[in-house]
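Notes follow once the structure below has been shown.
The values are calculated or read from the model by the stated rules, or taken from the named source; none is laboratory data. What you are looking at is a predicted structure, and each value in this text was computed from that prediction instead of being measured. Cβ sites come from the backbone with ideal geometry, for glycine too, and all protein chains shown count toward neighbours. Heads up: the accessible areas ignore ligands, DNA and RNA and are worked out on the full protein's heavy atoms, side chains in. Shrake-Rupley method; radii C 1.70, N 1.55, O 1.52, S 1.80 Å.
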Amino acid sequence: MNDKTSGLTYSSSGVDIDAGNRLVDLIKPMVRATARAGADAEIGGFGGLFDLKAAGFKDPILVAATDGVGTKVKIAIETGIHGGIGIDLVAMSVNDLVVQGAEPLFFLDYFACGELDPEATASIVAGVAEGCRESGCALIGGETAEMPGLYKDGDYDLAGFAVGAAERGSLLPHGDIAAGDAVIGLASSGVHSNGFSLVRKIVEKSGIGFGAPAPFAPVMTLGGALLTPTRLYVKSCLRAIRETGAVKGLAHITGGGFTDNIPRVLPKHLGVKIDLPRVPVLPVFKWLAAEGGVAELELLRTFNCGIGMIAIVRPDAVSAVIDIFAEAGETVVQLGEVVTASGDERVAYDGHLDLAL
């Protein structure tokens, strides 16, 4: 073979295979820590395996979800705070699985960048692994793509893919959702992972740097506060579903807020009435509303406003469901009830959000 030492190499084009191998070595222990019944969480093969029978399923329906974290990654890149973004990635998919009554089984991630930094990328994967452990799903594979010329140095994006399962006949929402059912909400941890294009525009307008103290949480930097990871609702929701049998539907409050997400789990002829003064509006949303001059209805259609998950519950079991959620560590609020829809209006609001700073 003619070895032309002056020829081009993959490395000279900007792709460092050795850096990729270092990353794999760094993340293997993190991945192994997500092992569960059905998966050993070993990486390095051409595909990940999962044994449904070993996981205890008899007649399962598979449920799949995929998502990213949007322009929240821009704040992570600008601040150098990367760990929580991996939790966000997992949460955005597994929270979508549990609203269908499915138990998350395994997760795969995709990470793309201009130049691979093994240590920074390992901190992201550490967050992914933490999110998987907290959700009870195994991280069984992923892909790291170094693409110079497509991404600037320092920039990256990521996507996640989750698969769960539920026994046949147990999927949500139930077909018996009816007027009079209760609507309860589980508190969010912050902005979660949607609406960040508006968040970043408001921050730019404010003139406050991400390294400055957050006006709504002075003990934290603005960047750190905005990067608070998305809350994982999997274990609490599965427990409420299984122990009470009274949860008829769940809605993950992401992009579209209350207005667009709650109707997704309701029959066409039904809507909900929400008592807005009961919503525990977090300080970050009060600041965003004031600094950006964001109207109340726009807030309700863009952000979670303090409620990250909605449950539709049989009215005679509200106390039991609330008790289970509270025991599982959730802050729970009864927000309203299911009603007959009035025309195209599926979500009706009573009163106003408490936006006083």
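At a glance:
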| read-out | value |
| --- | --- |
| Dipole magnitude of the chain, debye to nearest 20 (Cβ charges: Lys/Arg +1, Asp/Glu -1, about Cα centre) | 480 |
| Separation between Cα centres of segment 44-102 and segment 154-174, rounded to whole Å | 6 |
| Dipole magnitude of segment 1-159, debye to nearest 20 (Cβ charges: Lys/Arg +1, Asp/Glu -1, about Cα centre) | 340 |
| For segment 68-222: rounded, prolate or oblate by the Cα gyration tensor [a/c cutoff 1.5] | oblate |
| Mean accessible surface per residue for segment 219-292, computed with a 1.4 Å probe while every protein chain stays in place, in Å² | 36 |
| Paramagnetic reach from Ala179 (point 7 Å along Cα→Cβ, amide N under 20 Å) across segment 266-305 | 266-275 |
| Of all accessible heavy-atom area on the chain, the percent that carbon and sulfur account for (1.4 Å) | 53 |
| R0 of 30 Å, Cβ-Cβ distance Glu298-Thr340: FRET efficiency to nearest 0.05 | 0.70 |
| For Arg278, solvent-accessible area (1.4 Å; no DNA, RNA or ligand), Å² | 120 |
| Estimated vicinal HN-Hα couplings, Hz - segment 173-179 in sequence order (Karplus 6.51, -1.76, 1.60; Gly, Pro = x) | x, 6, x, 9, 4, 9, 4 |
| Correct choice for Rg and Dmax of the Cα atoms in Å that was computed from the model, options (i) 19.8, 62; (ii) 20.5, 68; (iii) 21.9, 80 | (iii) |
| HN-Hα J in Hz across segment 185-194 - Karplus 6.51, -1.76, 1.60, θ = phi - 60°, x for Gly and Pro | x, 9, 4, 8, 9, x, 6, 6, 9, 9 |
| Entries of Lys248/Lys286; Lys235/Lys273; Lys72/Lys201; Lys248/Lys268; Lys28/Lys152 with Cα pairs more than 20 Å apart | Lys248/Lys286; Lys235/Lys273; Lys28/Lys152 |
| Chain lengthening between Glu327 and Ala64 when straightened (0.36 nm per residue, less Cα-Cα) | 91.8 nm |
| Simple spin-label estimate for Leu26 and Ala54 in nanometres, 7 Å along Cα-Cβ | 2.9 |
| Order of exposure, largest accessible area first, which applies to Leu198, Leu97 with probe 1.4 Å | Leu198, Leu97 |
| Long-range amide H partners of Ile307 with built H, under 5 Å | Ser188 |
| DSSP bridge pairs, the chain: antiparallel proportion in percent, nearest 5 | 75 |
